[in-house]
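Engineer: Have a look at this one.
The values are calculated or read from the model by the stated rules, or taken from the named source; none is laboratory data. These numbers were taken from a predicted model, which means no experiment stands behind them. We place every Cβ from the backbone using ideal geometry, glycine too, and count neighbours over all the protein chains shown.
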Amino acid sequence: MARVVRSGLIQATLDVDGTRPVDEIRDAMQAKHERLIADAAGKGAKIICLQELFNGPYFGAEQDARWYELTESVPDGPTVTRMCELAKTHGVVLVVPLYEEDLPGVYYNTAAVIDADGTYLGKYRKNHLPHLPGFWEKYYFRPGNLGYPVFETAFAKVGVYICYDRHFPEGARCLGLNGAEIVFNPSATVAGLSEYLWKLEQPAHAVANQYFVGAINRPGTESPWRTGEFYGTSYFCDPRGQILAEGSRDTDDIVIADLDLDAVRDVRNTWQFYRDRRPDTYDELIDP
């Protein structure tokens with residue numbers, strides 16, 4: 001019997017001006033995503049991934065310490081606690097990207113993974129951080145220190161690779177070696193220099209590593225920064241790099257696709273990339 005898992009990606013505009021109090025923005029985005037999660041579950045999605053830093057704006061557009069107010073403990077903070085309740089209520093796996101406080105003053109760009117019975121399975125911390133105008137991430141985050149974990153959920157083996165991570169093939173390969181069947185890449189990326197890479201890099205990762213990829217991007221613009229257009233177009237692609245479903249460019253959207261996980265084995269039996277690897281020749285990859 002085929003292992004088909006209906007999965008969903010949620011992209012959502014920021015409906016609250018970024019000058020409003022941080023807790024007001026967080027509450028509004030939380031409520032909005034709870035509605036969207038219910039809608040996705042109603043469409044039959046069993047695994048649902050949210051966008052990068054889902055419960056706020058993409059605050060990397062500026063350097064302002066007030067955004068530290070968005071941090072919370074993972075998994076003991078209020079957002080993951082609530083998302084565990086929602087996962088159990090809807091019977092879905094949730095991938096929840098948020099701003100994590102590990103210790104006072106030590107913060108990470110993190111994604112929590114929650115199983116369909118509401119169990120917190122673990123987290124991924126973004127390993128690669130950009131630091132350039134409009135993306136001041138090293139001001140806000142410490143680089144990840146948890147490697148490239150893969151989570152055994154009720155429906156599939158799931159990995160996470162966050163936004164800027166997608167420019168680095170090494171971690172994408174680690175996720176494949178660790179057994180991922182689906183890799184989610186929640187992002188906040190704007191039109192311009194990297195847009196042409198959006199549908200190039202992640203299908204390439206899917207092909208090279210022979211798993212499904214769910215790529216999520218915010219839509220629209222965010223005030224007051226208006227540093228660029230978040231161009232949405234979230235999508236799923238299969239282990240052959242083919243786009244299965246795609247979202248809108250500038251509006252809220254739920255992208256749904258049926259992922260036949262048996263395709264992972266079929267593709268790997270056709271293209272023996274894992275058998276033919278030569279790690280004994282890759283020493284240069286670990287040179288500083």
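Engineer: Can you tell me which residues in segment 85-105 are within 13 Å of Ile47 (Cα to Cα) and not β-branched (Val, Ile, Thr)?
Structural biologist: Step one: of segment 85-105, the residues within 13 Å of Ile47 (Cα to Cα) are 86-88, 90-96.
Answer for segment 85-105, where residues must be within 13 Å of Ile47 (Cα to Cα) and not β-branched (Val, Ile, Thr): Leu86, Ala87, Lys88, His90, Gly91, Leu94.
Engineer: Still on this structure, please answer the following. Could you give me the residue pairs with C-beta distances under 9 Å whose first residue belongs to segment 146-159 and is surrounded by 22 or more Cβ atoms within 10 Å (Cβ to Cβ) and of a type in the set (Ser, Thr, Tyr), whose second residue is at pLDDT below 95 and assigned to a loop (DSSP other than H, G, I, E, B) wherever it lies, and which are 6+ apart or on separate chains?
Structural biologist: Filtered contacts from segment 146-159: no entries.
Engineer: Next up: Here are some conditions: (1) closer than 15 Å to Val95 by Cβ; (2) over 16 Å from the mean Cα position of the chain (by Cα). Leu9 meets all but one. Which one does it not meet?
Structural biologist: Exception for Leu9: condition (2).
Engineer: May I ask you to list the residues in segment 20-47 that are of a type in the set (A, V, I, L, M, F, W, C) and either part of a helix (DSSP H, G or I) or in contact with an Asp or Glu (Cβ under 7 Å, 6 or more places away or on another chain) (or both)?
Structural biologist: Val22, Ile25, Ala28, Met29, Ala31, Leu36, Ile37, Ala38, Ala40, Ala41
Engineer: Next up: Before we move on, is Leu244 outside any loop (DSSP other than H, G, I, E, B) and under 23 Å from Gly42 (Cα atoms)?
Structural biologist: Numbers: outside any loop (DSSP other than H, G, I, E, B): yes; under 23 Å from Gly42 (Cα atoms): yes.
Here the answer is yes, as Leu244 does meet what is asked.
Engineer: Among the listed residues Val106, Val150, identify the single one that is among the hydrophobic types (A, V, I, L, M, F, W, C) and under 18 Å from Glu72 (Cβ atoms).
Structural biologist: Val106
Engineer: Does segment 48-65 contain at least one residue that is without any contact (Cβ under 8 Å) to a residue 40 or more places away in the chain, surrounded by fewer than 22 Cβ atoms within 10 Å (Cβ to Cβ), among the charged types (D, E, K, R) and outside any loop (DSSP other than H, G, I, E, B)?
Structural biologist: The answer is no, given that none of the residues of segment 48-65 is without any contact (Cβ under 8 Å) to a residue 40 or more places away in the chain, surrounded by fewer than 22 Cβ atoms within 10 Å (Cβ to Cβ), among the charged types (D, E, K, R) and outside any loop (DSSP other than H, G, I, E, B).
Engineer: So, in segment 239-288, exactly how many residues are surrounded by fewer than 12 Cβ atoms within 10 Å (Cβ to Cβ), at pLDDT 95 or above and of a type in the set (Val, Ile, Thr)?
Structural biologist: So the count comes out to 2.
Engineer: Out of segment 135-175, which residues are in a loop (DSSP other than H, G, I, E, B) and either among the hydroxyl-bearing types (Ser, Thr, Tyr) or closer than 23 Å to Thr227 by Cα (or both)?
Structural biologist: Listed by number, the residues that qualify are Phe141, Tyr148, Thr153, Tyr161, Ile162.
Engineer: Can you find, within segment 5-19, the residue that is surrounded by the most Cβ atoms within 10 Å (Cβ to Cβ) among those that are of a type outside the set (A, V, I, L, M, F, W, C) and not in a strand (DSSP E or B)?
Structural biologist: Checking each candidate, the answer is Gly18.
Engineer: A further question on this structure: Restricting the search to segment 176-231, which residues are closer than 29 Å to Ala156 by Cβ, small (Gly, Ala, Ser), touching a residue at least 40 places away in the same chain (Cβ under 8 Å) and outside any helix (DSSP H, G or I)?
Structural biologist: Ser187, Ala188, Gly214, Ala215
Engineer: Another question, if that's okay. Working carefully through the options Ala2, Ala40, Ala45, find the one that is surrounded by fewer than 23 Cβ atoms within 10 Å (Cβ to Cβ) and either under 20 Å from Leu103 (Cα atoms) or not aromatic (Phe, Trp, Tyr) (or both).
Structural biologist: Ala2
Engineer: Surrounded by 12 or more Cβ atoms within 10 Å (Cβ to Cβ), of a type in the set (Gly, Ala, Ser) and modelled with pLDDT under 95, is that true of Gly228? It would help to see each step written out before you state the result.
Structural biologist: On the way: surrounded by 12 or more Cβ atoms within 10 Å (Cβ to Cβ): yes; of a type in the set (Gly, Ala, Ser): yes; modelled with pLDDT under 95: yes.
Spelling it out, Gly228 is indeed surrounded by 12 or more Cβ atoms within 10 Å (Cβ to Cβ), of a type in the set (Gly, Ala, Ser) and modelled with pLDDT under 95.
Engineer: Within segment 66-104, how many residues are free of Cβ contacts under 8 Å to residues at least 12 places away in the same chain and buried (at least 24 other Cβ atoms within 10 Å of the Cβ)?
Structural biologist: 0
Engineer: What is the one condition in (1) surrounded by 20 or more Cβ atoms within 10 Å (Cβ to Cβ); (2) of a type outside the set (D, E, K, R); (3) on the phi > 0 side of the Ramachandran plot that Asn217 does not satisfy?
Structural biologist: It fails just one condition, (3).
Engineer: Follow-up question, since we're still on this one. Can you pull out every residue in segment 96-128 that is part of a strand (DSSP E or B), hydrophobic (A, V, I, L, M, F, W, C) and touching a helix residue (DSSP H, G or I) at 6+ places or on another chain (Cβ under 7 Å)?
Structural biologist: Once the filter is applied, which keeps residues that are part of a strand (DSSP E or B), hydrophobic (A, V, I, L, M, F, W, C) and touching a helix residue (DSSP H, G or I) at 6+ places or on another chain (Cβ under 7 Å), segment 96-128 yields Val96, Leu98, Ala112, Ile114.
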